[in-house]
Amino acid sequence: MTATLAVLLLMAACGSDTSTEGSAPETTASAADDAGAPDEGDSSSGGTLVLAVEQWPECVNPVTSCANATWTIWSVLIHYLPRLMELDQTNTYVASSLLVEEPTVANGGLVTADDGTFMLTYRLNPDATWSDGTPITSTDVWFSWRAGLDTTGTLSTIGLDLITDIDHSDPHTAVITFSEPYAPWPTLFSGLLPAHELGPDTDIADKWNDEITVSGGPWIQEEWNQEQHILVPNRSYWDAERIPLVDRVVMVPRQDTDSQLLAVQTGEVMAAFPQPFPGARERITGDLAHQVAEGTYMEGLWINQDAPDRRFDMTRNVRQAVAYALDRERIAEIALGTITADPPVLQCTGWNPGFGPWCQDDFARYTQDAAKVAELLEAEGWTRPDPDGLWVNAEGEELVLAWNTVASNKRREDVQALVVDMTAPLGIGWEIINYDPGELFQNRLPALNYGPVALFANSTNPDPSVANLYDIDGIPTEENEYTGQNFTAYRNQQASDLAFAIDAEVDPDARLELVHELSQILAADVPWIPLYMLPNMIIWDITAVSGPGAYVSSPYGGFFDIFDWTVHPN
Amino acid sequence: MTRYVLRRIATMVPILLAISIAVFWAANRIARPGGDLAINPRVSPADRADYFESLGLNDPFFVRYLSWLGDFVRGDLGTSLVRNGSDVWPFVRTALANTLVLVSLAVVLSLAAGITIGAISAIRRGSFTDYVATTVSFLGISIPVFWLGLMLQLFFGLYLANWLGITPPLLPTAGLYSPGQQGFDLVDRLRHLVLPAMTLSLQLVAVYSRYMRASLLDVMSSDHIRAARGRGLRERTVVVRHGVRNALIPVTTQAAVDMGQLVGGLIVTEQVFQYPGMGRLFVNAMVGGDYPMLLATTMIVAAAVMLLNLAADLFYGVLDPRIRRGSR
């Protein structure tokens, strides 16, 4: 499954390091002692763990559209398919137990040749086997690459299409040759496929649609249908630290937050990983624990510089003025205050990982400042004839911005109402026009027919690959049939070049410098105004289960480590 | 009669065609499978184009519609766009069976309770019992289904279980069967039907009891009831044999019409109770832009509504000879 799973994990992507200052997970007092490692005092191994799953996969093929859902990864694939590199609890890529060591420049695992090609060498753990006893070999790496490219309806070939060859002559060594340096290499091969089970045809569109027949993970699939998913331990799993402690896991669909909360409250399930919901802090009481940590999506204001309905150019000064007109701490409080205490303001640039070394406080300069707003606008000829009114430009246009978001999304509509009140005294007005999700995301956004301002969330990536978003040639236009993904129509050649350079720089330190350089440019140009990271949340019944909470922020989802969970005897 | 039935069935064809075009248009307008890929920077434009091509989504609207229609008239409901080419029919068949079980149970229970309550209310017109029944009926009709469902879930799933100190609760609040259940267990299935059936029934009981009350009052004041009493029949015989029997006609025809509508109208109840029926299938298909699935569910529901309406009309004629004579 390779790139598809990698892409989906990235889509699901990533929350913050839970140990990062300002983003520490919040756990309810009753659960504080229960989070993390199993409590040996009141729990035991064995038993059945019952979990609620929010979005039920329609099918589970790891390469095709079936996998076009985060929950397909979280509830199914992540538990069966082995990875070469994997994210640890700080969302940093490390070698999985399938590898003998992580490929580095020092150990010869990463080599950029004089002809510009890039060679990546994986040394596989000889003890690793599929659940049917077949060894996991470099042929599986080769097969996963080919299946990612050859399968009808494959979801993504990004990265895989740069591979020119995989030498799998040695079963325990896979030597991958790329046509050019490819820095996001750890995101590839995040779900290996068994060649002996699925091959020899590398188009696997018709296979594994409703059943994962062989596992290379801690679990074996006993049953999967539209009503339940049953996992049993893979007792022959080579990673002894991840042999499951319970006898069976049953996942059942509960497709809204109220249903999930009720299911945990009634004891019908033991844990749920719902979307954070307003009032969570008050509603989760009694024997229930919950843990909240920065999660997979960042929300912010997108500024469309090519908005067809704009009344004036969205110049850099105007964009900066808008950023200085906002009290983002207050916005974060209104949006997330009932879910988590003191929600932090996001200070990273759009799409960069919102955690770890990638994220710097480049946007911290933007605090509400009326003087700055006036200075920036006056520099471009805006005036404010009525001191209590709106700014007006030389053509007589008032500074009123059309603003779109998803209709009936209470959090975002609350933010809109707050911002309207917040910026009125500073002379900036808004015209709120909201749409249903399909209209906004499938019709208007790809065609740059929005705004000039829109509020919505986007996933962040564990890997800082952002070339598509800031590529000048990727601005959607009629000429390119609106296939580009530079959705802010941001034109800065230096930023565009840097974004591509980040993808080609395999030296981690040099890459980090490039990321920071790009971040500073983006903070100055303000194509996007970050507001906050949407939190992830896990809820569990402390009388029934021990162990949840360690992977709340992970792109692998809060159920990733169920192999470490235990259920309490009745 | 046969010509009448055939004529009614023939009129269904253009209606179904119109419905299919409308649904097809709406489905394409609202969502398309993988539409969110357009804003995913990790999926390249080329991959996206290939993906849509593999689903046949690059063809013009009417080409796709006519392709679907051609399959449909040949009895092929098509393949799902989001289930990787799986046939639609098995999913629809399962959902339809689940919904029919729920609807049938709810309608049967509602008819039994509604007819009884309505009859008692009519016979004891103006009594305390009548006032209570009438008031409760008003409440039953007024309560939104989603609210009632949630209240039943909270009461039986949470509060009652807490008071009794029972975990898990006596009545499950969601799903088709208990987590981990493998194989068919009738008792377990029935337990999971209780709350959704109760939710549906409470509203239907209110409707049927009011129908029954009004109908029985009307019948009991008619000439043939006076004639029956004049012949010296016992009041019990008059009420049951001549009153209730005739009063049942509008209630049962209404039930037949309700059955048709409920087959596709359980969206709220099925969502609240996470019940895997036609309503939930419809919602998931709509959200995912899976128009073959959407069209299959819609056409089946539309056909069911029309056929059951026809059945209701025919049934009415069977029960009331005056109507049968009038149709000649």
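The values are calculated or read from the model by the stated rules, or taken from the named source; none is laboratory data. No experiment lies behind these values; they were computed from the predicted model shown. FYI the Cβ positions are ideal-geometry reconstructions off the backbone, even for glycines, and counts take in every protein chain you see.
Scanning the range B:256-301 for residues that are part of a helix (DSSP H, G or I), touching a Phe, Trp or Tyr at 6+ places or on another chain (Cβ under 8 Å), buried (at least 24 other Cβ atoms within 10 Å of the Cβ) and modelled with pLDDT under 85 gives a single hit, B:TYR291. Only residues that are in contact with a strand residue (DSSP E or B) (Cβ under 6 Å, 6 or more places away or on another chain) and crowded, with 20+ Cβ neighbours inside 10 Å were counted in the range A:393-411, giving 4.
Beta carbons closer than 7 Å, at least 6 apart along the sequence or on distinct chains, pair a first residue in the range B:253-276 that is on the phi > 0 side of the Ramachandran plot with a second that is charged (D, E, K, R) for B:GLN274/A:ARG254.
Here is a check on your reading of the model: is B:ALA133 crowded, with 19+ Cβ neighbours inside 10 Å, among the aliphatic types (A, V, I, L, M) and farther than 15 Å from B:MET212 by Cβ? It is false that B:ALA133 is crowded, with 19+ Cβ neighbours inside 10 Å, among the aliphatic types (A, V, I, L, M) and farther than 15 Å from B:MET212 by Cβ. State whether the residues of the range A:162-178 include one that is within 14 Å of chain B (Cβ to nearest Cβ), at pLDDT below 95 and farther than 28 Å from A:VAL515 by Cβ. Within the range A:162-178, none of the residues are within 14 Å of chain B (Cβ to nearest Cβ), at pLDDT below 95 and farther than 28 Å from A:VAL515 by Cβ.
For the residues B:THR173, B:THR134, B:THR116, the requirement of being assigned to a loop (DSSP other than H, G, I, E, B) and of a type in the set (Ser, Thr, Tyr) singles out B:THR173.
Condition test on A:GLY549, is it crowded, with 24+ Cβ neighbours inside 10 Å, among the small types (Gly, Ala, Ser) and within 20 Å of A:ALA323 (Cα to Cα)? Spelling it out, it is not the case that A:GLY549 is crowded, with 24+ Cβ neighbours inside 10 Å, among the small types (Gly, Ala, Ser) and within 20 Å of A:ALA323 (Cα to Cα). Of the residues making up the range B:148-167, not a single one is touching a residue at least 24 places away in the same chain (Cβ under 8 Å) and part of a loop (DSSP other than H, G, I, E, B).
Any residue that is surrounded by 20 or more Cβ atoms within 10 Å (Cβ to Cβ), within 14 Å of chain B (Cβ to nearest Cβ) and out of contact with any Leu (no Cβ under 7 Å at 6 or more places or on another chain) - is there at least one of those in the range A:137-151? Within the range A:137-151, one or more residues are surrounded by 20 or more Cβ atoms within 10 Å (Cβ to Cβ), within 14 Å of chain B (Cβ to nearest Cβ) and out of contact with any Leu (no Cβ under 7 Å at 6 or more places or on another chain). Among the residues of the range A:266-282, is any in a loop (DSSP other than H, G, I, E, B) and more than 30 Å from A:MET533 (Cβ to Cβ)? Yes, the conditions are met somewhere in the range A:266-282. Taking the criterion of being closer than 12 Å to A:THR48 by Cβ, in contact with a Leu (Cβ under 8 Å, 6 or more places away or on another chain) and either away from chain B (no Cβ under 11 Å) or not in a strand (DSSP E or B) (or both), the only residue of the range A:245-263 that qualifies is A:VAL246.
Those helices (runs of 4 or more DSSP H) of the range A:461-570 in which at least 3 residues are out of contact with any helix residue (DSSP H, G or I) (no Cβ under 8 Å at 6 or more places or on another chain), considering only elements entirely within it, cover A:508-525. Here the condition is being over 26 Å from A:GLN494 (Cβ atoms), out of contact with any Asp or Glu (no Cβ under 9 Å at 6 or more places or on another chain), touching a residue at least 12 places away in the same chain (Cβ under 8 Å) and small (Gly, Ala, Ser); of A:GLY381, A:GLY389, A:GLY429, it holds for A:GLY381 alone. Of (1) more than 23 Å from A:VAL63 (Cα to Cα); (2) surrounded by 22 or more Cβ atoms within 10 Å (Cβ to Cβ); (3) within 10 Å of chain B (Cβ to nearest Cβ), A:GLN228 satisfies all except one. Which? Single failed check for A:GLN228: (1). Among the residues making up the range B:67-96, those that are within 14 Å of another protein chain (Cβ to nearest Cβ), without any contact (Cβ under 8 Å) to a residue 60 or more places away in the chain and assigned to a loop (DSSP other than H, G, I, E, B) are B:ASN84, B:GLY85, B:SER86.
With respect to the conditions (1) in contact (Cβ under 8 Å) with a residue 12 or more places away in the chain; (2) within 11 Å of chain B (Cβ to nearest Cβ), A:THR266 lacks only one, and its number is (1).
Here A:THR483 fulfils each of the conditions (1) modelled with pLDDT under 90; (2) buried (at least 17 other Cβ atoms within 10 Å of the Cβ) apart from (2). Of all the criteria given as (1) among the polar types (S, T, N, Q); (2) more than 14 Å from chain B (Cβ to nearest Cβ); (3) closer than 20 Å to A:ILE78 by Cβ; (4) in a loop (DSSP other than H, G, I, E, B), the one not satisfied by A:SER190 is (2).
Filtered by the rule that a residue be surrounded by fewer than 17 Cβ atoms within 10 Å (Cβ to Cβ) and assigned to a loop (DSSP other than H, G, I, E, B), the range A:152-165 gives a lone residue, A:THR152.
Restricting to the range A:193-213, and then to whatever is aliphatic (A, V, I, L, M) and under 27 Å from the mean Cα position of the chain (by Cα), can you tell me which residue is nearest to the other protein chains (Cβ to nearest Cβ)? Ranking the qualifying residues of the range A:193-213, first place goes to A:ALA205. A single member of B:LEU176, B:LEU170, B:LEU160 is exposed (fewer than 14 other Cβ atoms within 10 Å of the Cβ) and within 11 Å of chain A (Cβ to nearest Cβ), and it is B:LEU170.
Taken together, B:SER54, B:SER44, B:SER80 contain a single residue that is among the hydroxyl-bearing types (Ser, Thr, Tyr) and modelled with pLDDT of 85 or more, which is B:SER80. When the range B:140-157 is examined, which residues are found to be modelled with pLDDT under 90 and surrounded by fewer than 17 Cβ atoms within 10 Å (Cβ to Cβ)? Listed by number, the residues that qualify are B:ILE141, B:SER142, B:ILE143, B:PRO144, B:PHE146.
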